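The numbers here are math on the coordinates, done by the rules we state, and not lab data. On a predicted model such as this, the values are computed, not experimentally measured, just so you know. Here the Cβ positions follow ideal geometry from the backbone for every residue, glycine too, while neighbour counts run over all protein chains shown.
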C-alpha cells in the first residue's frame, strides 16, 4: 500500500504543473488569436477587412452553436430562431421604441434569453432526432411569425437601420474601422467567455453529458437543468450575434430566420472543429471565403446559366473535407496539440 | 435504523411481475449481497433503489426520507453511488477526468478535487494510468475506474451491479480486498453471481427468485437453506 502511495506522489505533482501550463497556454492562445485579428485589419485591403468584420459576427453565432452542439452534444436545427430573436429584439426596439443602440442591444439579448428559455424548456422534452425536428419546427414557426407580422418586420424585404441609430457610445459604426473593432471586441468577449465556460466545472459537466449522459446522471448531475442552461447560453450568444449583425451592417430581414441560417452554424462548427474554442472562427472563415471565391469563379468563368454552380463547387469541397478531416480543422490540430481547448 | 428500506416495492412490465412486493431493510455499515438466478429481478430492484427504473407500486426510504418520487440524480446527490451491470465510463475522456467529473459534484475547488482524485486513483490501483483514455483500458481496469467514480463521492450507500463480471481471478482477489476497505466507510449493496466473492465479502445475503424474496440470512445460513439450494445453488 505505502509503495503505491509513493508512486502516486510524483505523478500528482507533475499533473498539477501540467494543468497550470494548460491554463496559461489556453489564455495565451486566445490572446494570440485576437492579436492576429488586430494585425490582419492593418494588413488586409479594405474589402477583406470588411469581410472579416462580418466573419467575426458570424463566428460569434458559430461559437454559440458550438456550446450546444460541440460541448453538450445536442444537435439543433433551429438556431436561426435565436439569431433572429437577437436581430429583431435589437432592430424592432430601434424602429418602434426609439431607443439608443446600447439599450437595443440589451433588448436584443433579453429577447434571445426569453426565446431560448422557452424553446429549451419545450424542445428538451425530446432527445436525438426528435430534438432536431422539434428545433427545426420551432425555427420555421418563428420564421413564419416574422412574415405574418410583416407590417412591423417588413417580412422578407426587411428594414434598414438608419445611420443615426448605429452609434454606440459615440462611435459611428458605419465607419469601417469602428465597425471592425466593435465586431472584434464583441468577438473577443464571447471567445474569452466560451474559453472560461468550457474550462469551468459547469462546462466540464456538459462534456460529461455529451460523452455519456446516463453515467453523468448516475453521478448525481441534473441533466435536464444542465441542458437547459446550455440551450440558454447557446441561444443568447447566437442572439448576441444577431443583434451585432443588425447594428454593424444596418439591416434586419426575415431571411436571417430562414432554415439556411440554422444550417450554416452547423457547417461552420463541423468544418472548424466541434468542441474546440477556436474551431468556430476557423470554420466560419473557411466557409465564408469558400462561397466567396467559388461564386466569383463561377460568375467569371461560367456562362450565366451556371451562376449557381458555386454551390456545387462548395459542396464538393465540403464533402472532401468531411471525408478527410471529419473532426474539422481544429480537430486535426488537436491530434498534434493535445491541450487545445 | 436502516439506511435504506423498501416496502411492497413492485415493478410490473405489462403482464410480467419483475419485482413483486419486496420488503427490504439494509442497516448502515453492512455489506449486503443480492443474489438469485438470472431474471430474478435483481437489477430491476436496485434500479428502483437508485431511481433508474420507476417503480409500479411500493416505496423506497433512504436516510429516513421517502424518495420514491425522486429522480435518480437527486438520489445520488443524497449520498448514493451506482455502478452499472455493463461498464459505463466516459470512454473518450482520460482516467483522471472520469474520476474528476464524479468528484466535482461533491468537492469544490480545483485543488481539493485534484487531491481527492489522486487519493482515489491510488485506492483503485489506477495512479499509473491517470492520463490514459478510459476506453483504452482493459475491461477489468474500466470496472475499477467505475468503482473509483463512486468511491470519490464518498457515498453512504454504494450499489454495485455484478462488479466482478468479466474480471480475471487476480482482479477478483483485488476486488475482494477493495470491498473490505470500502466497507469501513460505506454501506454496500452488491449484486453478485460469483459465490466465492459473495461468501468472502457479504455480511448478509438476500436471495431473490421470480421477483420475490426467497430467503435472507448470513452466508452460512443461506448456504444451508434447502430452498435456496434448489432455486439457485443447484443440488450439491
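Residue ranges B:167-174, A:53-60 sort as A:53-60, B:167-174 when ordered by packing (mean number of other C-beta atoms within 10 Å per residue, highest first).
Summarise the partner chain shielding of A:204-215 as one whole number: the mean count of Cβ atoms from other chains within 10 Å of each residue's Cβ.
Shielding by partners across A:204-215 averages 5.
Look at the stretch B:123-135: the mean tally of other chain Cβ atoms within 10 Å of its residues' Cβ atoms is 2.
For chain A, the longest principal axis of the alpha carbon atoms and the long axis of helix A:201-211 meet at an angle near 90°.
Between B:45, B:84, B:158, the GNM of chain B built on Cα springs shorter than 10 angstrom shows B:84 fluctuating the most.
For a label point 7 angstrom out from the Cα of residue A:162 toward its Cβ, which stretches of the range A:70-101 have the backbone nitrogen within less than 18 Å? Those under the cut-off are A:90-101.
Here the calculated FRET efficiency for residue A:302 and residue A:214, from their Cβ-Cβ distance with R0 = 51 Å, stands at 0.45, rounded to the nearest 0.05. Kindly list the residues of the range A:261-294 that lie in the label zone of residue A:316, defined by a backbone N under 14 Å from the point 7 Å along the Cα-to-C-beta vector. So the set is A:294.
Using Cα atoms only, what is the angle between the long axis of helix A:101-123 and the major principal axis of chain A, expressed in degrees (0 to 90) to the nearest 10? That helix lies at roughly 60 degrees to the long axis.
Given a Förster distance of 25 angstrom, what is the FRET efficiency for residue A:40 paired with residue A:193, based on the Cβ-Cβ distance and rounded to 0.05?
Working: r = 22 Å, r/R0 = 0.87.
For R0 = 25 Å, the calculated efficiency reads 0.70.
Extent of the range B:1-49 along its three principal axes (Cα atoms, max minus min coordinate, largest first): 36, 21, 13 Å.
Fully extending the segment from residue B:165 to residue B:227 would add 19.8 nm, taking 0.36 nm per residue of separation and subtracting the current Cα-Cα distance.
Taking the simple approach of a point 7 Å from Cα along Cα-to-Cβ for both residue B:65 and residue B:199, what is their distance in nm? In this crude spin-label approximation the distance works out to 4.1 nm. Would you please give the FRET efficiency between residue A:293 and residue A:336, computed as 1/(1 + (r/R0)^6) with r the Cβ-Cβ distance and R0 = 22 Å, to the nearest 0.05? Plugging the Cβ-Cβ distance into 1/(1 + (r/R0)^6) gives 0.20. Just round it to a whole percent: the fraction of Cα-Cα distances in the range A:18-267 exceeding 24 Å. Value for the range A:18-267 (Cα pairs over 24 Å): 48 percent.
Considering only A:286, A:297, A:329, the Gaussian network model of chain A with Cα springs below 10 Å gives its largest mean-square fluctuation to A:297.
Across all Cα atoms of the range B:127-213, the radius of gyration (one decimal) and Dmax (whole number) stand at 13.8, 45 Å.
Relative to the longest principal axis of the Cα atoms of chain A, helix A:260-272 runs at roughly 40 degrees.
Ellipsoid semi-axes for chain B, based on the Cα gyration tensor and the rule √(5λ), read 30, 21, 16 Å when sorted largest first. When the Gaussian network model of chain A links Cα atoms closer than 10 Å, the mean-square fluctuations of A:178, A:66, A:212 top out at A:212.
The three principal axes of the C-alpha atoms in the protein assembly as shown carry coordinate ranges of 90, 54, 47 Å, sorted with the longest axis first.
Using C-alpha pairs below 8 Å separated by at least 6 residues, the relative contact order for chain A is 28 percent.
Work out the mean other chain Cβ neighbour count within 10 Å for the residues of B:91-102 and drop it here as an integer. Walk me through the intermediate numbers first.
Working: counts 3, 4, 6, 0, 0, 4, 4, 5, 0, 3, 12, 7.
Partner-chain Cβ atoms within 10 Å, mean over residues of B:91-102: 4.
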